[in-house]
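Inspection log for the structure reproduced underneath, given as structure tokens.
The values are calculated or read from the model by the stated rules, or taken from the named source; none is laboratory data. Every value quoted in this text rests on a predicted model; they were computed, and no experiment measured them. For the accessible areas, the whole protein counts, side chains as well, though only heavy atoms, and no ligand, DNA or RNA atoms are used. Shrake-Rupley method; radii C 1.70, N 1.55, O 1.52, S 1.80 Å.
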Amino acid sequence: MKHTAVYPFTAIVGQNDMKLALILNVINPMLGGVLIKGEKGTAKSTAVRAIADLLPAMEAIKNCPFHCDPGDENRLCDECREKAGAGKSLPVHSIKMRVVELPVSATEDRVVGTLDIEHAIKHGEKKFDPGILAQANRNILYVDEINLLDDHVVDVLLDAAAMGVNTVEREGVSYSHPARFVLVGTMNPEEGDIRPQLLDRFGLSIEVVGENQPEWRVEVIKRRLAYEQDTGEFARMYKEEQEKTAESIMQARRLLPQVAIDDRLLLLVANVAIALDVDGHRADITVIKAAMTLAAFEGRVTVDPDDVRRAAKLVLPHRMRRRPFEDGTLDWDKVEALFAGL
């Protein structure tokens, strides 16, 4: 069977906000994922699969259901931690980041995993059957039509994405495992919206539309036809650009812990959130995290005002407080006025 190359991430025409949001979340999974809203046929699922294929293989502990990172002792599962503490060897192999898809019909048990209570009572030990969140650890968890998913399941996903840990509790017995993944939800607003309480939990949110310039639409067609005619040759055309982007992402991951942000910019973020009447503090924190990730992606260890401005455009629009008969769109003039005062 002939292998079909994944459509290259760097070959996607336009959709710059979507591509940037995905890159930032791959660099820093603690941003809380991205919600992509838009009509069908705008490369949403193509971009999600392409960003995973873009990245190089990573080391993982062999035979671990959570494919723990051997270089990160703080995020090992209980079993791997016990083996390491007992001086046992942890065999390592290389795996590619992959896209784990969550079906809309998934139940909570299928997502979080299940505990065998009877086994725990009889044998005095925990027996856990991993779910989709176990597969998703260190990968991308992709939920198409997330607005049609059960609200409680969405809440569980967002909790795990924010904490980096999945905890299952049944009858006084609990089990936790690492669940550090990039959550990507896509939806078509015409098929129903997502509850505001859940919408706020996504780190970033963007809206995508089809290209409205004839020349760009033609370019989309040309590239798609070229890809379908010879996927291998098409992939080779973008090989250098793919490698360059992948290296920038890996460098940003290494640089991110060193990035600092000035108190003056922290105050700016707070003032922007107040001016836009954004609820809570999650928005402020996420803008700062996104700005720091942007700086790292551009090879800098200091956040500048433009990082904050770009981060705000990805983080704030979906957090606007909506009043009756208002659409809750972001008044960007208010934001620019605050930046002008710097």
In the structure shown, of Lys62/Lys239; Lys44/Lys239; Lys40/Lys96; Lys62/Lys88; Lys19/Lys244; Lys37/Lys96, the pairs separated by more than 18 angstrom at the C-alpha atoms are Lys62/Lys239; Lys44/Lys239; Lys40/Lys96; Lys37/Lys96
Between (i) 31; (ii) 43; (iii) 38, the structure-derived percent of Cα pairs over 31 Å apart is (iii)
Taking the chain and counting helices only, DSSP H stretches of n ≥ 4 at -39,500 (n - 2.57) each over all residues, the nearest-500 ellipticity at 222 nm comes to -13500 deg cm²/dmol
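If you roll a 1.4 angstrom probe over the protein chains with everything in place, what fraction of the accessible area of the chain belongs to carbon and sulfur, to the nearest %?
Working: 8880 of 17820 Å².
Answer for the chain is 50 percent, counting heavy atoms of protein chains only.
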Residue-normalised value, i.e. accessible area per residue, for the chain at 1.4 Å probe, in Å², stands at 52
